[in-house]
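Okay, so here's the structure we're looking at.
Readers should treat all values here as calculations from the given coordinates under stated rules, not as data from a laboratory. Predicted, not measured: the structure shown is a model, and the values here were computed from it. Reconstructed Cβ throughout: ideal geometry from the backbone, glycine too, with neighbour counts over all protein chains shown.
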């Protein structure tokens, strides 16, 4: 059995909570803009290089994905050892690593640095997997501020 006073007290507390003004919040989050190279086939995988700008900070990263659906009869998950090299001249940096690709899209690396507005962002992303060699993807563009 519900007690009438408890119901009234709960309703009064709820209506009081709804009438209290919430503190005003402002969001000063900077907008980010992403520009990517076209996809290219490297090491049997679809790859591309992206530059993401937030204010004057730019982050370069590469992506790995299946170039198409797996062949019939291929065991899942798809596993592939790949050697990755990500090089940026604006922002500057180099990442070399080995990656075990398992069939799902992967983001590789992340070179971050300050690049002024209207200055081109430049980078290169190469992937190789024996016996297939690299065919680097290039990015050389101005990412809008």
- Express in whole angstrom the spacing between the alpha-carbon centres of the stretch 28-63 and the stretch 92-123. 7
- Using mean Cβ contacts within 10 Å as the protection proxy, how do 49-62, 83-96 order, highest first? 49-62, 83-96
- Descending semi-axes in whole angstrom, ellipsoid equivalent of the stretch 29-141, from the Cα gyration tensor: 28, 14, 11
- Estimated inter-spin distance, residue 36 and residue 106, nm [label 7 Å along Cα→Cβ]: 1.7
